[in-house]
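Below is one structure, written out as structure tokens; comments come after it.
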2 protein chains.
Amino acid sequence: MDPRPNTGNCSLNWFDQRVDHFTTLNTTYKQVRGEWHGLNTVSRVCRQRFYVYDKFWKRRADGSKEDGPIFFYCGNEGDVTLYVNSTGLMWENAQAFGALIVFAEHRYFGTQAALRKSFPFGDQHKDHLQYLTHDQALADYAVLLRSLQQQNNVDVPVIAFGGSYGGMLAAWFRIKYPTTIRGAIAASAPIFANSIGYADNFQGTDYWKVVTHDASPAAGSAANCIPNVARKTVDAPLLEGFHLGLAHLSSLFKTCTPLKSRSDVEALALTLMMAWDTMAMGNFPFPSNYLTEGKADMPAFPVRVACDHMAPTFDLTNDNGTAALLVAMKAATDIFTNATRDVACIAVQEDYDGNWDYMWCSQLLAQESYFNTNGVTDMFWARNITLDKIARDCQTKWGVTPNPDWIRTVYGSADALLKSTSNIVFSNGGFDPWSSGGVLANSNPQITLVDIPEGAHHLDLMFSDPRDPASVVQARQTEIQHIRAWLRDA
Amino acid sequence: MDPRPNTGNCSLNWFDQRVDHFTTLNTTYKQVRGEWHGLNTVSRVCRQRFYVYDKFWKRRADGSKEDGPIFFYCGNEGDVTLYVNSTGLMWENAQAFGALIVFAEHRYFGTQAALRKSFPFGDQHKDHLQYLTHDQALADYAVLLRSLQQQNNVDVPVIAFGGSYGGMLAAWFRIKYPTTIRGAIAASAPIFANSIGYADNFQGTDYWKVVTHDASPAAGSAANCIPNVARKTVDAPLLEGFHLGLAHLSSLFKTCTPLKSRSDVEALALTLMMAWDTMAMGNFPFPSNYLTEGKADMPAFPVRVACDHMAPTFDLTNDNGTAALLVAMKAATDIFTNATRDVACIAVQEDYDGNWDYMWCSQLLAQESYFNTNGVTDMFWARNITLDKIARDCQTKWGVTPNPDWIRTVYGSADALLKSTSNIVFSNGGFDPWSSGGVLANSNPQITLVDIPEGAHHLDLMFSDPRDPASVVQARQTEIQHIRAWLRDA
């Protein structure tokens, strides 16, 4: 096996899923055109992609006392191969547990070459987004696991793993399907990052406060970084009126199309802000391509590297000093934006995250681009995003209005949710802005919180590395101990 | 208040529900005809009927320490008024708990005058049965309760009540929405009566064994009853060849149309068998109209009364004796079939239970007409109903094939289900054939089983009566004690 196991070690598999698990028939475009066929329509199925590694799996035939468990990764809003190739925690521990490893792709998120991945309607999927809900995704996982148990004629415990949205799914999977899932490792899972349903527990500005923390000396970044970022460069109103002019700004930032208006400048500023966000999430102690979808490495501690560009003192009383600061900002954000080193120009981002944005717009799953900033607890400028504005944007983009209460209705208040469940480890990293929406307090002894002060976005799921801080080494040990205990207590 | 509170004491209310809770948009007949409107379609809502009684509800304003709980009835496969008018357990205890009483109607089961009740598509509902699933019904209840809590600006504990399918829903509601439901009284809930998913725990023949038990001396019935029923009268093959002839049979049983074939005779036999079934379910110690949908009383212990007709010794060596036995069988089954005393003829039943049968055919919910008999452990004749036959029948009737594994996938194996949950009382009656699919063994201290040897179908939910056996008085006390404990342990 490769030093770091990956998709090359796994078998690639496909599973027929019902497009809609919660109605007994499915209607589709072709089936309903012209006449309504009602009861004569057939269930519409789609193919779900999943990867399996079975060489660690201990079976009774091997002389073991009983069949080993299943380690199941709850695929996120992305190509599942990213999680196969990154989730070291599963790979490094499966052998000791004699576990079967399964990574499942989330419906509608196979990306590219849609027909070959978990896209129920291929290139037409945008016409059928109504089936893209986390409820359906969990049912996909439950049905897939049931089938795997039946095919192998076993009924072995399943441990769910996931990071970020995958971590939310892992936790929710344990909550809603406790007989399917023995326990869950929910890493950096912002299950309370829903500014309506969990208002008391979550403030969007906390998210950007953590991004800003990553740029502070306390997090190892240059002392001047926060002041320099805060002073000018991503402050959209300042940029707009900037006496260098739009043409000069366009040139300094190498925008793919010239900046022409205030809103163009704001979009540029938001693009830069999102680069700081991504670097904070990916502020790992080693080079990693996780946040670039596997395309190119960002360096170890990318926020520190970015902040090194923002370390000098810039004299903003003259155009040269001002331009130098903007060039520094460009260089800083290029750590992410041009991680591949072959990006000729900055494409100013207008829309964020495609189908994921649809999930925000329909079920209010977490979406950082809608969280507010205040310019006080963070190094950015004040943005006040109201539910009204969100509803308007969502109507324009997707023709849906967010249902602000569905997740709260399904899972309950934060306190009630934590009291009602068991066998979940929630981990949060101090460098990770998503910790703002994570589970940070709990009184249920059957729920475990793990704090990783020097950790970025679910560092605990990654492969072990000599550069790991002690806190993540300890976090992983805690997680494994809990898995062992869950498996012991039948 | 009336001695027995009923719909007359309640306020009648309506709530707008999404037809489909688990997709983010709903498509409908009109909206998709001709062209697919995709993202431009709007959510389709339907009205759910529910009854509320709030005069017992203790609120903070009344000086109480905190707001009282909600007693919530999970409506079954029938007009919700039946449950409002019959569920004495809720009415008799709500005042002591200071509880708000809510009875919710199950989608698609308002019966008659469809547009005025919980029928999402009115008279066209049969074209849209795909939304008739227990998953959707539970979501209806969760959304309704969330809205009631919000409207009243409270977050009070909810106790779910239900009998039979309503009891299954109450238990499942606690399992799937533990933050919505503090605890559940699941009376006569045959959650394991699914002959495929729970094969080890349920045999359909056990159902008819209990029906037969009700006709035994041990259950207070005449000694000759079982032998006389078993000897001839509902044995379809015997009836067919019976030398009295089809015309004579038609006349003796007063069938609405003459019997013309073997299958007509089998249908008659099945109708009689279902009458014994219903009398067994309704084998209460007092007259009750519960099993006649409120239309007319059956007498106390209707099986005993029916068996009194079957008590003589019939001489089957001559036609007169044979005819006398058939007349006796007619008189016995008329306790149910002609409970209203104005039924001029027997309409031989071909189809059972309408929309409920659809739920059997799609999700394999319990349906006694598909359970096998063997003529050995029961007083009927051997019927062997295979999954193949069920699938064929369901295709013919509804255009669907049962999904034999959905409930098992969602709730897990019997053992795992019981281990994974808490705060449920499962009660079962010794006279109730549905006890065959109920929870009869359990090792989880947070789940309570209550046995009512002299009880028929969820007798414990009924109004108290001087004729109640001690076992049901004790059962109700146990249930109330548990509710009190659940409410104490926040």
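Selection of segment B:53-81 for residues being outside any loop (DSSP other than H, G, I, E, B) and open to solvent by less than 30 Å² (accessible area, probe 1.4 Å) yields B:Tyr53, B:Ile70, B:Phe71, B:Phe72, B:Tyr73, B:Cys74, B:Val80.
Do the conditions hold for B:Ala311, that is, is it of a type in the set (A, V, I, L, M, F, W, C), over 30 Å from B:Thr81 (Cβ atoms) and without any contact (Cβ under 8 Å) to a residue 60 or more places away in the chain? No; evaluated as a whole, the condition is false for this residue.
Before we move on, is B:Pro466 over 23 Å from the mean Cα position of the chain (by Cα) and surrounded by fewer than 22 Cβ atoms within 10 Å (Cβ to Cβ)?
Working: over 23 Å from the mean Cα position of the chain (by Cα): yes; surrounded by fewer than 22 Cβ atoms within 10 Å (Cβ to Cβ): yes.
So B:Pro466 passes the test.
As a summary of the residue check, B:Tyr141 satisfies the conditions (1) open to solvent by 10 Å² or more (accessible area, probe 1.4 Å); (2) among the hydroxyl-bearing types (Ser, Thr, Tyr); (3) assigned to a helix (DSSP H, G or I) except for the one numbered (1). Looking only at segment B:92-110, decide whether some residue is open to solvent by 10 Å² or more (accessible area, probe 1.4 Å), within 14 Å of another protein chain (Cβ to nearest Cβ) and outside any loop (DSSP other than H, G, I, E, B). The answer is no, given that none of the residues of segment B:92-110 is open to solvent by 10 Å² or more (accessible area, probe 1.4 Å), within 14 Å of another protein chain (Cβ to nearest Cβ) and outside any loop (DSSP other than H, G, I, E, B). Taking A:Leu115 and the conditions (1) in contact with a helix residue (DSSP H, G or I) (Cβ under 9 Å, 6 or more places away or on another chain); (2) at pLDDT 90 or above; (3) away from every other protein chain (no Cβ under 14 Å), which numbered condition does it fall short on, given that it satisfies the others? If we test A:Leu115 against (1) in contact with a helix residue (DSSP H, G or I) (Cβ under 9 Å, 6 or more places away or on another chain); (2) at pLDDT 90 or above; (3) away from every other protein chain (no Cβ under 14 Å), just (2) comes out false. When restricted to residues that are closer than 27 Å to B:Ala215 by Cα, buried (at least 17 other Cβ atoms within 10 Å of the Cβ) and of a type in the set (Gly, Ala, Ser), segment B:370-401 contains 0.
Applying the criterion of being within 9 Å of another protein chain (Cβ to nearest Cβ) and open to solvent by 30 Å² or more (accessible area, probe 1.4 Å) to the residues of segment A:417-441, the residue that is nearest to B:Leu145 (Cα to Cα) is A:Ser420.
The rows are residues; the columns are (1) touching a Ser or Thr at 6+ places or on another chain (Cβ under 7 Å); (2) away from every other protein chain (no Cβ under 14 Å); (3) at pLDDT 95 or above.
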| residue | (1), (2), (3) |
| --- | --- |
| A:Ser43 | no, no, no |
| A:Lys55 | no, yes, yes |
| A:Arg59 | no, yes, no |
| A:Asp62 | no, yes, no |
| A:Phe72 | no, yes, yes |
| A:Met90 | no, yes, yes |
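Mind counting the residues in segment B:427-446 that are free of Cβ contacts under 8 Å to residues at least 60 places away in the same chain and under 18 Å from B:Phe202 (Cβ atoms)?
Residues of segment B:427-446 that are free of Cβ contacts under 8 Å to residues at least 60 places away in the same chain, as a first pass: B:440-446.
Applying the additional criterion that residues be under 18 Å from B:Phe202 (Cβ atoms) yields B:440-442.
Of the residues in segment B:427-446, 3 are free of Cβ contacts under 8 Å to residues at least 60 places away in the same chain and under 18 Å from B:Phe202 (Cβ atoms).
Which of the residues that make up segment B:409-433 are charged (D, E, K, R) and closer than 24 Å to B:Thr179 by Cβ? The one that is charged (D, E, K, R) and closer than 24 Å to B:Thr179 by Cβ: B:Lys419. Close contacts from segment B:135-152, counting a first residue that is within 8 Å of another protein chain (Cβ to nearest Cβ) and a second that is hydroxyl-bearing (Ser, Thr, Tyr) and open to solvent by less than 20 Å² (accessible area, probe 1.4 Å), with Cβ to Cβ under 8 Å and a gap of 6+ residues or different chains, come to B:Gln136/A:Thr23; B:Ala142/A:Thr409; B:Ala142/B:Tyr177; B:Val143/A:Thr409; B:Arg146/A:Thr409.
Which of the residues spanning segment B:293-324 are closer than 30 Å to B:Gly110 by Cα and in a helix (DSSP H, G or I)?
Those that are closer than 30 Å to B:Gly110 by Cα and in a helix (DSSP H, G or I): B:Pro302, B:Val303.
Keeping to segment B:283-320, report how many residues are of a type in the set (Ser, Thr, Tyr) and open to solvent by 40 Å² or more (accessible area, probe 1.4 Å). Give the derivation first.
Let us first name the residues in segment B:283-320 that are of a type in the set (Ser, Thr, Tyr), namely B:288, B:290, B:292, B:313, B:317.
In the following step, the residues that additionally are open to solvent by 40 Å² or more (accessible area, probe 1.4 Å) were identified as B:313, B:317.
Adding up the residues that qualify gives 2.
Of everything listed in (1) of a type in the set (A, V, I, L, M); (2) surrounded by fewer than 18 Cβ atoms within 10 Å (Cβ to Cβ); (3) closer than 22 Å to A:Gly204 by Cβ, the single unmet condition for A:Ala331 is (3).
The values are calculated or read from the model by the stated rules, or taken from the named source; none is laboratory data. Only a predicted model underlies this, so the values are computations on that prediction, with no experimental measurement involved. A quick note on method: Cβ atoms are made from the backbone with ideal geometry, for glycine too, and the neighbour counts reach across all protein chains shown. Please note that ligands, DNA and RNA were not included when accessible areas were found on the heavy atoms of the full protein model with its side chains. Shrake-Rupley method; radii C 1.70, N 1.55, O 1.52, S 1.80 Å.
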